[in-house]
Structures are given as structure tokens and as C-alpha cells.
1. Mind listing just one residue for me: the one in the stretch 50-94 that is among the hydroxyl-bearing types (Ser, Thr, Tyr) and part of a loop (DSSP other than H, G, I, E, B) and, of those, surrounded by the most Cβ atoms within 10 Å (Cβ to Cβ)?
2. Tell me yes or no: at least one residue of the stretch 6-22 is outside any strand (DSSP E or B), more than 15 Å from Asp104 (Cα to Cα) and not charged (D, E, K, R).
3. Among the residues of the stretch 1-20, what is the count of those that are at pLDDT below 95 and charged (D, E, K, R)?
4. Run down Ala67, Ala27, Ala55 and say which single residue is touching a residue at least 12 places away in the same chain (Cβ under 8 Å), within 20 Å of Ala108 (Cβ to Cβ) and not aromatic (Phe, Trp, Tyr).
5. How many residues does the stretch 95-111 contain that are outside any helix (DSSP H, G or I) and free of Cβ contacts under 8 Å to residues at least 12 places away in the same chain?
6. Keeping to the stretch 28-38, report how many residues are farther than 14 Å from Glu4 by Cβ, in contact with a strand residue (DSSP E or B) (Cβ under 9 Å, 6 or more places away or on another chain) and surrounded by fewer than 18 Cβ atoms within 10 Å (Cβ to Cβ).
Amino acid sequence: MQLEKYMRGEVTVIVLDGSLDSGTAPAVQEDLRELIPERGRVLLDLSRMSYMSSAGLRVLLLTYRQARGNGARVALAGIPPEVHSVMAATGFLDFFTVTDAVDDGVEALSA
């Protein structure tokens, strides 16, 4: 799993590329902990994600909690269909603003 961070205006965009499973989750969780700004706006771009296990869901939930605790807002963009179905089945999507594309996510967080 590779992470890439860039800015779109005042929104921090973090691209997750690859599989998020029990093997990659600890490192990704640590990386995200360092990349989430306090009181900022963060868009997680999942369009390059190929697989997510329950360990990956846990990472996103902990990231959401950390962001909320720091006063940050988090949204998800570009969720692949297979990952989307797992997240929808668990009710996980209720925690996040979800958009189809990065541009839409940046706009939603900027409103």
C-alpha cells in the first residue's frame, strides 16, 4: 500500500494505492496518523485501492475518530465498487461524506 499526499486548495488529499489488509494496516494507520492535519479538511482518495479487509475498515474508522478529535473533517472519494459494497454492507459509509470523484470531494469539504 502506497500513500500520496497533496493539497487541493485548503484540502489535504491522501491517495491510498493498493490493498489495505491485515498486512498493510499497521503501517497505513501510522502514516495516516501523521498525515491528518489538525482542524483541517482531508479527502481520502480510494480510487486506486484494489482491496480492503476488515483491518482496513478499522484503519479508516480510527482515522475518522482521530480527525474528529482534532477538529478535522474527512471525506472519501472514488471508492471502487468492490470496496464500496463492503463499506455499505457494514454501515460504514454513514460516518463519511462520500463522493464519486476527488473534485466533488474537495467541493463538499470546502462548503
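The values are calculated or read from the model by the stated rules, or taken from the named source; none is laboratory data. This is a predicted model, so every value here is computed, not measured. Backbone-built Cβ (ideal geometry, glycine too); neighbour counts: all protein chains shown.
1. Residues of the stretch 50-94 that are among the hydroxyl-bearing types (Ser, Thr, Tyr), as a first pass: 50-51, 53-54, 63-64, 85, 90.
From what's left, part of a loop (DSSP other than H, G, I, E, B): 53, 90.
Values: Ser53: 16, Thr90: 12.
Ranking the qualifying residues of the stretch 50-94, first place goes to Ser53.
2. Initial filter on the stretch 6-22 (outside any strand (DSSP E or B)): 9-10, 21-22.
After this cut, where a residue has to be more than 15 Å from Asp104 (Cα to Cα) as well, the list is 21-22.
Next, only the ones that are not charged (D, E, K, R) stay: 22.
There is at least one residue in the stretch 6-22 that is outside any strand (DSSP E or B), more than 15 Å from Asp104 (Cα to Cα) and not charged (D, E, K, R).
3. 1
4. Working: Ala27 fails: within 20 Å of Ala108 (Cβ to Cβ); Ala55 fails: within 20 Å of Ala108 (Cβ to Cβ).
Among Ala67, Ala27, Ala55, only Ala67 is touching a residue at least 12 places away in the same chain (Cβ under 8 Å), within 20 Å of Ala108 (Cβ to Cβ) and not aromatic (Phe, Trp, Tyr).
5. Here is the first cut: in the stretch 95-111, the ones outside any helix (DSSP H, G or I) are 96-101, 111.
If we keep only those that are free of Cβ contacts under 8 Å to residues at least 12 places away in the same chain as well, we get 111.
Qualifying residue count for the region: 1.
6. The number of residues fulfilling the criteria is 1.
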